[in-house]
Amino acid sequence: MVADPSCVLVPGPWEHRNVSANGAQFHVVLAGEPSTHRPLVVLLHAFPQFWWSWRHQIPALAAAGYQVAAMDLRGFGGSDKPPHRHETGVFARDVAGVIRSLGAASAVVVGHGFGGTVAWSMPSLAPRLTRAVAVLANPHPLPLHRVGNRMPLRALSTLARFQLPWFPERAVREGTLVRDVLREWSAPGNDGATSQADLYTEAMRLPFAAHSAMEHFRWLVRATPRADGRRYLAAVRRPVQVPVLSVRGAQDRLLPGRTFARDHRYVVGPLREHVTPRAGHFLPEEAPEEITELLLDFLAAEVPAAR
């Protein structure tokens with residue numbers, strides 16, 4: 001079953017644009033006007049979603065005076081889906097290229113889940129372009145790549161399942177994997193993300209989307225002993241010097257609180273940590289008002305407007 005590519009072009013108080021960056025085309029949803037006083041805010045989605053997961057935050061951030069760019073990551077939604085190069089470092093260079101293509105000198109990068117790994121990586125891989133980062137439902141990547149990292153059994157079993165050839169892609173396209181992930185990783189009874197399961201499933205049925213997503217999960221496991229993985233881990237060992245906001249859901253059944261315990265070791269700049277009590281993994285949809293308020297407060301306090 002193949003989806004209609006227009007499924008990701010949901011209308012609203014935003015503009016859909018294709019942006020060239022890092023040798024590829026990226027679908028970016030823009031709202032708000034460029035400002036010399038406030039930074040560009042780039043929003044990066046989680047798996048198995050696309051830019052739509054930020055639909056609650058986009059208008060609110062734009063109304064507060066920020067230009068917002070919610071982009072579909074490489075391999076997702078309306079962005080290019082090349083067969084190779086699904087490394088986290090490539091994703092970070094994609095984001096850096098989008099920032100430059102939009103004419104911004106720097107940006108605040110906000111990443112959720114899958115996109116959170118990219119956000120954590122930006123201060124190391126694109127330091128001149130990164131004003132600050134906000135990370136939702138994703139700990140610093142370095143401990144997760146180490147042996148004895150205490151990664152929860154659910155996360156380990158998910159990664160192991162995604163290492164198999166062909167079967168995960170088939171479960172995404174023809175089965176219920178997307179709906180199952182949204183339900184299992186959400187807080188019990190919270191349908192903020194699961195209510196969108198049909199749309200997310202359709203987007204993951206776009207040609208090569210399922211394969212692209214699984215290839216990144218495979219890279220996360222297989223790259224650690226390889227040269228590209230070692231280069232990436234060496235880069236993210238550098239302490240994060242920009243302001244960081246880290247938010248997790250108290251009922252996140254994929255990445256519970258203990259996986260975030262070492263984040264402070266990798267941040268030498270201001271670090272804010274917050275726990276959302278009634279949310280699971282899909283914070284922008286499970287607790288949309290709270291996440292919006294946290295982002296606005298963080299931006300106002302840690303990334304003050306230029307005068």
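As a summary of the residue check, residue 230 satisfies the conditions (1) part of a helix (DSSP H, G or I); (2) in contact with a helix residue (DSSP H, G or I) (Cβ under 6 Å, 6 or more places away or on another chain); (3) surrounded by fewer than 21 Cβ atoms within 10 Å (Cβ to Cβ) except for the one numbered (2). Of all the residues in the stretch 243-277, those that are of a type in the set (A, V, I, L, M, F, W, C), exposed (fewer than 15 other Cβ atoms within 10 Å of the Cβ) and modelled with pLDDT under 95 number 1.
In the stretch 38-54, of all residues being open to solvent by less than 30 Å² (accessible area, probe 1.4 Å) and out of contact with any helix residue (DSSP H, G or I) (no Cβ under 7 Å at 6 or more places or on another chain), the one that is nearest to residue 97 (Cα to Cα) corresponds to 39. Condition check: of a type in the set (Gly, Ala, Ser), assigned to a helix (DSSP H, G or I) and over 30 Å from residue 145 (Cβ atoms). Does residue 62 satisfy that? Here the answer is yes, as residue 62 does meet what is asked. On inspection, residue 35 qualifies as at pLDDT below 95, polar (S, T, N, Q) and surrounded by fewer than 23 Cβ atoms within 10 Å (Cβ to Cβ). Of the residues making up the stretch 110-160, those that are farther than 19 Å from residue 184 by Cα, open to solvent by 40 Å² or more (accessible area, probe 1.4 Å) and modelled with pLDDT of 80 or more are 125, 127, 128, 131. Would the stretch 294-305 turn up any residue that is open to solvent by 30 Å² or more (accessible area, probe 1.4 Å), assigned to a helix (DSSP H, G or I) and of a type outside the set (A, V, I, L, M)? Within the stretch 294-305 (the criterion being open to solvent by 30 Å² or more (accessible area, probe 1.4 Å), assigned to a helix (DSSP H, G or I) and of a type outside the set (A, V, I, L, M)), the answer is yes, since at least one residue qualifies.
Looking for something among the small types (Gly, Ala, Ser), more than 18 Å from residue 132 (Cβ to Cβ) and in a helix (DSSP H, G or I) - is there at least one such residue anywhere in the stretch 242-256? Checked against the condition, which is being among the small types (Gly, Ala, Ser), more than 18 Å from residue 132 (Cβ to Cβ) and in a helix (DSSP H, G or I), the stretch 242-256 yields no hits at all. Considering 206, 182, the condition of being in a helix (DSSP H, G or I), modelled with pLDDT of 85 or more and surrounded by 20 or more Cβ atoms within 10 Å (Cβ to Cβ) is satisfied by 182 alone.
Please enumerate the residues belonging to the stretch 4-29 that are in contact with a helix residue (DSSP H, G or I) (Cβ under 9 Å, 6 or more places away or on another chain) and either open to solvent by less than 10 Å² (accessible area, probe 1.4 Å) or not in a loop (DSSP other than H, G, I, E, B) (or both). Across the stretch 4-29, the qualifying residues are 7, 8, 16, 19, 20, 21, 24, 26, 27, 28, 29.
The values are calculated or read from the model by the stated rules, or taken from the named source; none is laboratory data. The structure presented is a predicted model; accordingly, all values stated were derived computationally and were not measured. All Cβ positions, even for glycine, are placed from backbone atoms using ideal geometry, and neighbour counts span all protein chains on display. Surface accessibility is based on the protein's heavy atoms, side chains included, excluding ligands, DNA and RNA. Shrake-Rupley method; radii C 1.70, N 1.55, O 1.52, S 1.80 Å.
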